[in-house]
Structure formats: C-alpha cells, structure tokens
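Q: Just passing along the structure, written as structure tokens.
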Amino acid sequence: MVNGQNINRREFFRKLFGKTIKVGIPLGLVASAIKGGYDALSYKSEDNQTDPAPVNKETPNDYTGLGVTFDKKVNDIDFKLYGVLHCKSFIEGNYNQLEQIVKDSSLVVAEAEPEDIESEYIYNDAKSYFGTLFEMCQKYNKKLVYMDNSSVGGHLLQGLATISGLSMGASGFSLIGQNIKDGELTRRKLISSGLIATIGTYIFMGGSIFAEPIKSLMYDNYIEQSKYEKIYTTHVTDHRDLTLANRLIKLTEILDKKEFETGKHVSFIFGGQHAIGAAYYLDHPVFRKIKSAVYRCTYDFVDNDKMTIYTPTPYKTWKRKDYIL
C-alpha cells in the first residue's frame with residue numbers, strides 16, 4: 001500500500017524507476033558539477049600563495065619521477081613524449097632529469113609559450129614550472145615549439161557545452177520520468193526523450209566539471225591518473241591530443257632536416273594525459289582521420305592553423321617565427 005492505495009509490485013517498481021530517472025540522475029549531475037567547481041576554487045586559493053618564480057635546483061619530494069614516456073618515430077624523426085605535471089613541486093622534484101631531457105633535445109615542444117608567463121590564465125604553480133623549462137631551453141640554446149593553440153578557447157567552449165549538456169541531459173531524463181509517471185511512455189517518446197538525455201549526458205560527461213571529480217575518486221596520484229587518462233578524457237583534451245599528433249607530423253614536414261640534427265630527439269613535454277593521447281593518435285592513423293573530421297565542426301572553431309617556433313637569443317629573449325599550416 002502506497003499513500004493509502006493498493007499497488008502491485010510491478011507498479012511500485014515502475015514508479016520507483018520513474019522517480020529515479022526524473023530526480024536521481026539530474027541531482028547526480030548537479031552534484032558532480034558542484035564538486036568540480038569546489039575543487040577548482042580550492043586549487044585557485046592555494047595557488048595564490050605560490051611563488052611563480054622559476055627554480056634553479058632539484059629538491060626531491062613526493063613528485064619526483066616522470067609519469068609516462070613514449071618513444072615514437074615520425075617520418076624518420078625520433079620523438080620522445082614525456083608526461084609531466086605542471087607545478088612547482090614537480091619541477092623541483094625532477095629538475096636534474098628535465099634539464100638533461102632539454103639538453104638532449106633538438107627541439108622542445110611545450111604546452112605553453114614564453115608570453116604565457118604573464119597570462120592571467122596560467123596559475124602561479126604552472127608559471128614556475130614553465131618559467132624553469134624556458135630558462136633551461138635558453139641555457140642550452142634549444143628552440144621551443146608551441147602548437148597547442150586551442151587550449152584556452154577550447155576550455156571556454158567546453159564550459160558552454162558543459163552547461164548545455166547538463167540542461168539537455170536533465171531535461172531528457174525528466175521527460176522520461178514524467179511520461180512513466182503519467183503512464184504515457186510510448187516507444188516514440190522513449191526514443192526522442194532518450195536521445196535528448198543521451199546526447200546531453202555525453203556532452204556533459206565530456207566536460208571537466210564531470211570528468212575531473214571522477215578521476216579524483218579513481219586515482220591516488222597523477223602518475224596513475226596519467227596512465228589511464230584516455231579512459232576518462234574530456235572532449236577538449238581529446239581534441240587537443242588529436243591536434244597535437246597531427247601537428248607533430250606536420251612539424252617534420254615544414255622544417256629542414258638539419259633542425260632535427262642538433263639533438264638526440266624532439267622532446268614533447270606535456271601533461272601526462274596529452275602524452276598518452278598524442279601517442280595513441282600517432283599509432284592509429286585511421287582513427288586519427290575520423291576524429292579529425294568529427295572535431296572539424298566543433299572545437300576546430302576555437303583553434304587555428306598556426307605553429308610557432310621560438311629561437312633563443314644571446315639576450316635571454318626569444319625570436320619568434322609563425323608557420324601557417
């Protein structure tokens with residue numbers, strides 16, 4: 001008996017399922033969004049206390065040790081893809097190893113460019129890391145390559161997509177729940193509402209507000225997280241990884257072969273998830289072409305076909321040259 005009325009078991013579970021779909025899943029999506037926002041604000045608060053200055057020596061700590069490393073050959077050019085963490089503690093714990101990596105490189109492909117050190121989009125933690133990396137490139141006269149042009153715009157677009165996905169997903173599940181409650185769930189309504197719910201959930205799950213909290217629950221440290229990032233990747237990260245793989249190939253086509261003879265290999269030094277993603281797409285050319293076509297009408301709009309190479313000068317500045325791909 002429910003609310004003074006007799007109800008059979010089948011009817012009871014039907015109503016329970018309807019309430020779960022209508023209320024439970026949307027609440028879960030909202031809770032995930034709140035968790036992601038809280039984590040971001042907490043990190044920002046801590047980062048405000050971090051000195052953004054570069055470091056100049058190694059201090060072993062809990063972050064000592066690189067995440068992942070991949071050896072790749074692209075058009076007969078040797079590449080090493082390194083997975084790192086962009087923070088001061090990481091560069092302190094791995095200073096000597098990263099310095100040797102830069103020293104052995106013909107070119108260094110980085111996730112930021114020199115002018116980013118003054119950018120409001122870069123946390124103090126990352127400014128210290130990148131500032132140190134750039135000083136190493138200057139010290140050993142290594143050219144710096146920047147090709148990650150959709151980073152900021154992609155995250156802004158993803159923010160809009162996340163909000164839209166949350167709204168769409170919640171709306172779809174709510175419609176299904178309401179139709180079940182009213183006893184009007186026809187096949188056509190289930191397909192249409194289910195499609196709205198599925199697309200909305202897919203868009204939302206591809207946003208960092210959902211994906212980052214999930215990863216924080218799944219993994220204990222950044223090394224473990226980096227190894228499995230391809231499972232819980234965000235859409236903007238996936239697009240960036242795909243684009244990076246395409247541009248690493250393009251890099252070997254636009255530069256003279258002599259540029260690659262000044263070191264043992266080209267060093268790609270990015271976050272662990274990007275090293276894994278780029279390595280994956282380099283190994284899967286057919287899938288790379290398919291995904292390139294998929295993103296052509298979405299995240300490609302906030303990207304550009306430009307690659308920038310910075311050459312160190314004797315005055316500790318950089319000479320910039322842009323290549324339109």
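Every number in this text was worked out from the coordinates using simple rules, so none of it is lab data. Everything quoted here is computed from the prediction, not taken from an experiment. Cβ atoms come from the backbone with ideal geometry, glycine included; neighbour counts cover every protein chain shown.
Q: Could you give each residue of the stretch 278-283 its phi-based ³J(HN,Hα) in whole Hz, using Karplus coefficients 6.51, -1.76, 1.60 with θ = phi - 60°, and x for Gly or Pro?
A: Listing the rounded values in order: 5, 4, 4, 6, 5, 7 Hz.
Q: Among K316, K127, which comes first, then next, by fewest other beta-carbon atoms within 10 Å?
A: Taking fewest neighbouring Cβ atoms as first place, the list is K316, K127.
Q: Quick one: if you stick a label point 7 Å off each Cα along the C-beta vector at K103 and K57, how many nm between them?
A: 1.7 nm
Q: Starting from the amide H of L325, placed 1.01 Å from N in the peptide plane, find each other amide H under 5 Å away whose residue is 5 or more places distant or on another chain.
A: HN-HN under 5 Å from L325: K306, M307.
Q: Fewest Cβ neighbours within 10 Å first, please rank K57, K257 accordingly.
A: So the residues, fewest neighbours to most, are K57, K257.
Q: Please list 3J(HN,Hα) in residue order for the stretch 173-187, calculated via the Karplus relation 6.51 cos²θ - 1.76 cosθ + 1.60 where θ = phi - 60°; whole Hz, with x for glycine and proline.
A: 5, 5, 4, 4, x, 5, 5, 5, 4, 7, x, 10, 7, 7, 4
Q: Please work out the FRET efficiency for the pair K306 and Y202, using the Cβ-Cβ distance as r and a Förster radius of 41 Å; give the result to the nearest 0.05.
A: Once rounded, the FRET efficiency stands at 0.85.
Q: Let me ask you something else. Fewest Cβ neighbours within 10 Å first, please rank Y95, Y202 accordingly.
A: The order, fewest Cβ neighbours first, is Y202, Y95.
Q: Let me ask something else about it. Suppose each label sits 7 Å from its Cα in the direction of the beta carbon; what would the S171-T50 distance come out to in nanometres?
A: 3.8 nm
Q: Given H placed 1.01 Å from N in the peptide plane, which residues other than close sequence neighbours of D78 have an amide H under 5 Å from its amide H?
A: Answer set, sorted by chain and number: V266.
Q: A further question follows. Evaluate the distance, in nm, between pseudo-label points positioned 7 Å from the Cα of Q178 and of L195 along their respective Cα→Cβ axes.
A: Between Q178 and L195, the simple spin-label model gives 1.9 nm.
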